[in-house]
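The values are calculated or read from the model by the stated rules, or taken from the named source; none is laboratory data. Please read these numbers as outputs of a predicted model, since none were measured by experiment. Every residue, glycine as well, gets a Cβ built from its backbone with ideal geometry; the counts of neighbours run over all protein chains shown. Just the protein is used for accessible areas: all its heavy atoms, side chains included, with ligands, DNA and RNA removed. Shrake-Rupley method; radii C 1.70, N 1.55, O 1.52, S 1.80 Å.
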Amino acid sequence: MNEHLEELGLEPLVGSDVALSLAGWKSPTTLLTAISDGKFPEPDRVIGRIRKWKPSTLRSWQANKSDAAT
């Protein structure tokens, strides 16, 4: 189902907890520092202090991160 949403450009947004887990970090401060240093993508949506990313943004970051490691 999510694949069909992505084809339509309607991706569900995921929060900082998912971003932290994906990056292998535990501290929200580490996440914010990585964003400000350009080492992690900017959130796709910010509502107050809540940051949300599209799964495709995080997949792209992962792919670029693994390409740089090789």
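Suppose the chain between VAL18 and LEU32 were pulled fully straight at 0.36 nm per residue; how much longer would it get relative to their current alpha carbon spacing? Provide the component values of the computation, followed by the final result.
Working: separation 14, 0.36 × 14 = 5.04 nm, distance 1.38 nm.
Fully extending the segment from VAL18 to LEU32 adds 3.7 nm.
How big is the charge dipole of the chain about its Cα centre, in debye rounded to the nearest 20, if each Lys and Arg gets +1 on its Cβ and each Asp and Glu gets -1 on its Cβ?
It comes to approximately 340 debye.
Using heavy-atom solvent-accessible surface (probe 1.4 Å) with all chains present, what is the largest-first order of TRP25, TRP53, TRP61? Don't skip to the answer; put the middle values down first.
Details: TRP25 75, TRP53 0, TRP61 35 Å².
Most to least solvent-accessible, the answer reads TRP25, TRP61, TRP53.
What is the distance in Å between the Cα centroid of segment 22-42 and that of segment 45-62?
A separation of 11 Å, based on Cα centres.
Considering only DSSP states other than H, G, I, E and B, which trypsin sites (Lys or Arg not before Pro) in segment 5-70 qualify as loop sites with at most 16 other Cβ atoms within 10 Å?
Working: sites: LYS26, LYS39, ARG45, ARG49, ARG51, LYS52, ARG59, LYS65; in loops: LYS26, LYS39, ARG49.
When the trypsin sites (Lys or Arg not before Pro) of segment 5-70 are filtered for loop state and at most 16 Cβ neighbours within 10 Å, LYS26, LYS39, ARG49 remain.
Could you tell me which label, among (1) 12.3, 35; (2) 10.7, 31; (3) 12.5, 37, carries the value of Rg and Dmax of the Cα atoms in Å calculated for this structure?
(3)
Helix-only mean residue ellipticity at 222 nm, the chain, DSSP H runs n ≥ 4 weighted -39,500 (n - 2.57), per residue, nearest 500. What is it? Show your work: numbers first, answer last.
Working: 4 runs with 38 residues, N = 70.
Theoretical 222 nm ellipticity from helices: -15500 deg cm²/dmol.
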